[in-house]
1. With respect to residue 146, determine if the residue is in a helix (DSSP H, G or I) and at pLDDT below 85.
2. Please find, among 51, 57, 86, the residue that is out of contact with any helix residue (DSSP H, G or I) (no Cβ under 6 Å at 6 or more places or on another chain) and either on the phi < 0 side of the Ramachandran plot or crowded, with 17+ Cβ neighbours inside 10 Å (or both).
3. Going through 235, 217, 270, 242 one at a time, which residue ends up being over 19 Å from residue 83 (Cα atoms), crowded, with 23+ Cβ neighbours inside 10 Å and in contact with a helix residue (DSSP H, G or I) (Cβ under 9 Å, 6 or more places away or on another chain)?
4. Residue 185 - would you say it is crowded, with 23+ Cβ neighbours inside 10 Å and within 24 Å of residue 37 (Cβ to Cβ)?
5. Would you mind stating whether residue 153 is modelled with pLDDT of 80 or more, within 26 Å of residue 31 (Cα to Cα), surrounded by fewer than 21 Cβ atoms within 10 Å (Cβ to Cβ) and out of contact with any strand residue (DSSP E or B) (no Cβ under 6 Å at 6 or more places or on another chain)?
6. Return only the number of the condition from (1) crowded, with 20+ Cβ neighbours inside 10 Å; (2) at pLDDT 95 or above that residue 73 does not satisfy.
7. Could you please find all residues in segment 6-36 being over 16 Å from the mean Cα position of the chain (by Cα), surrounded by fewer than 19 Cβ atoms within 10 Å (Cβ to Cβ) and part of a helix (DSSP H, G or I)?
8. Can you name the number of the only condition in (1) surrounded by 15 or more Cβ atoms within 10 Å (Cβ to Cβ); (2) closer than 30 Å to residue 279 by Cα; (3) at pLDDT below 80; (4) over 13 Å from the mean Cα position of the chain (by Cα) that residue 255 fails?
């Protein structure tokens, strides 16, 4: 049983690391404006759909029960479409600082929804863990010196995207446990691709791939393979083994990875304030995760 939960935590951590690298990779991909944010989001869902369908050929075929199609559609809408596309749109209207602050609300929303709908126990350990991790994220964001002035529309879009992510974590656990993770992912990403294809068609038709530079192609490849395929595969394994608040708590690791990557690439400096934030986030995630009983 201990090994069962350990694998879940390792998968959640791996997914957080891959998601945390998305920010610098997206900047690389859009550096020369050959592709915009919405086109990049479409590449994520479409590319991941292709990869999951290809790898699904290596596992036994599973038939989806009729009662599970609606929950799968809800998962695709919450976890892929609403979360990704609205967050990208929100960033276009608000500041990166505001978007980063709002991004830390996902674990809190997940915890609240779990208490309300899944009867998750409220414990002092888990509550203190969330407070520590949130404090660490706040220290990290404040230390970045970013502009925290935003726009109500952008802030609202980002907030809705985080609520959609919380719903993705909370409401679909039973469906996830009935099928192989690859079976679930191939259908989720296919649905997201088909639902976004019509509104994105005009934008996609204006692309000129021959103008892409090598570093842009590398970044797009990572976004599809690492930031979408492997990250969502790890995430769904974690969701099958851990309680929703424990999985969501690893969201606080993402800004740590983003900053650490910046330091490694000499794009940022490691300061005492950032070290303090890393320690607070690590302590908070450990506290939240140690209370997992599901």
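The values are calculated or read from the model by the stated rules, or taken from the named source; none is laboratory data. All values derive from a computational prediction rather than experimental measurement. Ideal geometry is used to build each Cβ from the backbone, glycine not excepted, and the neighbour counts take in all protein chains shown.
1. No: the conditions fail for residue 146.
2. Residue meeting the stated conditions: 57.
3. Matching residue, one of 235, 217, 270, 242: 242.
4. So residue 185 fits the description; yes.
5. Yes: the conditions hold for residue 153.
6. Checking residue 73 against (1) crowded, with 20+ Cβ neighbours inside 10 Å; (2) at pLDDT 95 or above, the one that fails is (1).
7. Once the filter is applied, which keeps residues that are over 16 Å from the mean Cα position of the chain (by Cα), surrounded by fewer than 19 Cβ atoms within 10 Å (Cβ to Cβ) and part of a helix (DSSP H, G or I), segment 6-36 yields 6, 7, 27, 28.
8. Failing condition for residue 255: (4).
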